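Notes to accompany the following structure.
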Amino acid sequence: MSTKFADASHETNRVVTQERLLGTPSRWRRHGEPHIADPDTADTGVFGPGSVAWDILLHPATIVFQSAAQFVLQLTYKPIFAGVRDWDTISRKAHSGTLTIFDMFDRAQRNSGIHAPMWLGDRATAARVAGHLVNVHAKVAGPVIDVGDPELGGYEANSPRESMWAVLTEMHSMLWLYESLAFNGLRLPRRLPAATRDIFVAEVSEYARLFPGKDENLPTNMAELNALYARDARLFGNTHSSTMATIPATGQNWYQLIQQSIRKNRHPSQYRVKIQLFFQNKLFSIPVLKSVSGKTRRSMGISRAQERKIFFLSYLLMPMVWLFQRGPIERYFMRMMWGPDAVNLIKSARQFHAKAKSERTNRTFATV
């Protein structure tokens, strides 16, 4: 009886309907409906209206491309990669042979929408969701980052170091996205002034204080952030190790284990997932890789010749990048990758943000 039930459950997991692909609020929601950072209640959350962080987070380029960019920089940080390799849900399912291509998409799909309440919500919402993530990561620790480089030591997701880098790599990638892909009408994307970038880093460090990263020496400007990259340089660039993907407990190759399970659990209905992954992992990856730093591309094992190809293709794709930031297309990816709660948060946050910037501009003119 239990075997029949398990078989039926596994078969259901392989089938992907349009409704399942789109998902309901429960896929993203954690500990209740989130509440927007509302200046009318004097609770502007972690960043709040008028912040540089909201300039970046609320731009259509970030909404569309953030999911594709999320793990590019983050997974070059070896302790984070090791935590995913050893503890993530996709790894557990791969070991049991039940992992499907939908599980891979679902993992990427949930990420932005789960984080949005901390970026756009009030303080209580941000603290509640941050506490949930800290609890989830409590067991994510191991004595070995890379079996081929034991001197690196172990990892612990809730340690100050790992917690800090989880925030900094996530947010830094969004800054790069904004500077490389964010159109303002027909005006091309451009790099922010140095002073504005410093403000963004300081705001991000305030966000990091929701997590154990608060116990690190958090950067207050871009120079201090770059100094931290230099300090922990050995912990970045997992592609330089042929053993980084080796699972310490079993000796298996993580990538091979995942692919074996996905191939085993194919189903015709999964074409819906493949369409979405074509955008996230194929088409969007080209402008995303162009947006990151050259050092990040080097750490991913991208050669100079491959880099030139990425820049050439990105140039050709810029009209598409602009088009995907237009209303209907942006709204499609917002709902698909961020979820219903985040859609509501983004809509409200944009109204508060526009009002705050307008009021700030009016005050500036009034004092001239």
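The values are calculated or read from the model by the stated rules, or taken from the named source; none is laboratory data. Just so we're clear, the structure is a prediction, and the values are computed from it rather than from any experiment. Cβ sites come from the backbone with ideal geometry, for glycine too, and all protein chains shown count toward neighbours. All accessible areas refer to the heavy atoms of the entire protein, side chains included, with ligands and DNA or RNA removed. Shrake-Rupley method; radii C 1.70, N 1.55, O 1.52, S 1.80 Å.
Restricting to Cα pairs below 8 Å that are 6+ residues apart, what does the relative contact order work out to for the stretch 52-141? Please round to a whole percent. It would help to have the intermediate numbers written out before the result.
Details: 32 pairs, mean separation 20.8, N = 90.
The value is 23 percent.
Its residue count N sets the reference 2.2 N^0.38 Å, and the alpha-carbon radius of gyration of the stretch 58-184 equals 1.13 times that reference. Summarising the amide proton neighbourhood of Ile36: residues at separation of 5 or more, or on other chains, whose placed amide H is nearer than 5 Å comprise Asp122. Scanning residues 5 or more positions from Phe236 or on other chains, those with amide H under 5 Å from its amide H are Lys78, with H placed 1.01 Å from N in the peptide plane. Each Lys or Arg adds one and each Asp or Glu subtracts one; over the other residues with Cβ under 11 Å from the Cβ of Glu216, this totals +1. Summing charges over neighbours of Trp28, with a neighbour being any other residue whose Cβ is under 13 Å away from its Cβ, gives +3 when K and R count +1 and D and E count -1. At a 1.4 Å probe radius, carbon and sulfur cover how many percent of the accessible area of the stretch 186-288? Answer for the stretch 186-288 is 56 percent, counting heavy atoms of protein chains only.
Could the peptides 18-28, 160-170 be put in order, highest first, of the mean number of other beta-carbon atoms found within 10 Å of their residues?
Packing proxy ranking, top to bottom: 160-170, 18-28.
Other residues with beta-carbon under 13 Å from the beta-carbon of Thr296 carry, at +1 per Lys or Arg and -1 per Asp or Glu, a net charge of +3. Excluding ligands, DNA and RNA, the accessible surface per residue across the stretch 59-156 is 32 Å² with a 1.4 Å probe. For the stretch 51-141, with all protein chains in place and a probe radius of 1.4 Å, 61% of the accessible heavy-atom surface sits on carbon or sulfur.
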